[in-house]
Amino acid sequence: MSFDRLDYVMAIAEEQNMTKAAARLFISQPALTASINKLEEELGVKLFDRQRPPIKLTPAGVLYMKEMSRIHQLQFNLKAQLSSFARKKPQFTIGIGKGRSQFWLPILLPILQESHPEIQIIVKNGNYDTLENTFHSGSIDIAFGSLNFSFSDADIVEEPLSKENLIYIVPSKLGIIDDMEYGNCSLYNPFLISPSLLNEQPFVCAESGNSYQRYLEIEMNKYGFRPGDIFIYDFPPLAAQLAGRGMGIFFTSQNLCEWERLTLNSNVYFCTLNNIMPNQNIRVYYNRNSAKLDLIHEVISIVRNHVIPALYSNTASIHEIQSQKADTL
């Protein structure tokens, strides 16, 4: 199965412009348009609303991206596992959330593969419920994320890696925030919004078992607001993009907003309910009795020395802003 056209759809969805997407894909704009037209004809549905700029995904387009991405990951994992049988390579399995893997793994995996070409690397994506269960069963060697184990196990080691501040992406089209009031607020200096303004508003929510959803429920109970219409997606970067295009409010990390370049989107406001923003601790998890302990420690070193500096460069400034706000209270 070829996934070239999935790459085409994803590029158009992110660029919202055929010419820019074609340039990104290194193909001509007519060739890209023809490919998408043929795909829509084969599927019998329109994947994009191209009546007026910017180009936007239709509900069918959103479903196509979600399911094809899932199938792509399944095929990748199957090929990797079959390859390891053929070559009789020892396996090393990494568990990581679907959203975070898109940004962490392109940094981590090439370094790890270059250092250990004799190892077959397997990646298992999932929400925190799935990762907890597979980790406990022993089918994952190392896991990254914000897990919340429902069981106690003295053999499990947890080491902190970083913190992610959590923030509300509020589409301007909802009309609940005034531009003048928002002023010079930004991703790293978010607007302090009243919880009542979020009540009965549409939300783009991660699936149950996702850490963002877990923290959103804590916020809802603490501040007493309830969403209106809820659109549920299991791929956080896609949910962030949909929020950026006005489908609803999305509660996520500042880092994901930066990775998805939402700071370039003038149609969203970055908001918080408290001057001290909630945050989630990103940790690494492994079994202290693992036979692959040396490799586990090497992977952790790669993450600390390469992934964290590359993706969390603004962490210090974020905490400085929060400290300054706390001092004024």
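The values are calculated or read from the model by the stated rules, or taken from the named source; none is laboratory data. Just so it is clear, the structure is predicted and the values come from calculations on it, not from any experiment. Ideal geometry is used to build each Cβ from the backbone, glycine not excepted, and the neighbour counts take in all protein chains shown.
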| message | If a residue counts only when it is over 12 Å from the mean Cα position of the chain (by Cα), which strands (runs of 3 or more DSSP E) contained entirely in segment 201-291 have at least 2 such residues? | response | 203-206, 230-233, 268-272, 279-287
| Can we say A11 is of a type in the set (A, V, I, L, M, F, W, C), modelled with pLDDT under 90 and more than 27 Å from Q254 (Cβ to Cβ)? | no
| Going through segment 179-217 one residue at a time, which ones are touching a helix residue (DSSP H, G or I) at 6+ places or on another chain (Cβ under 6 Å), at pLDDT 90 or above and among the hydrophobic types (A, V, I, L, M, F, W, C)? | L187, F191
| So, in segment 199-220, of the ones that are touching a residue at least 60 places away in the same chain (Cβ under 8 Å) and aliphatic (A, V, I, L, M), which residue ends up farthest from I96 (Cα to Cα)? | I218
| task | For segment 94-139, name all the residues that are within 24 Å of A206 (Cβ to Cβ), assigned to a helix (DSSP H, G or I) and hydroxyl-bearing (S, T, Y). | result | S101, Y128, T130, T134
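Filter segment 103-119 down to the residues that are of a type outside the set (D, E, K, R) and free of Cβ contacts under 8 Å to residues at least 12 places away in the same chain, then identify the one that is surrounded by the fewest Cβ atoms within 10 Å (Cβ to Cβ). Give the derivation first.
Quick first cut of segment 103-119, residues of a type outside the set (D, E, K, R) only: 103-113, 115-117, 119.
Still in the running and free of Cβ contacts under 8 Å to residues at least 12 places away in the same chain: 106, 110, 113, 117.
On the way: P106: 11, P110: 12, Q113: 12, P117: 9.
Restricting to residues being of a type outside the set (D, E, K, R) and free of Cβ contacts under 8 Å to residues at least 12 places away in the same chain, the top hit is P117.
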| Residues of segment 241-285 satisfying the condition of being aromatic (F, W, Y) and farther than 29 Å from I302 by Cβ | F250, F251, Y269, F270
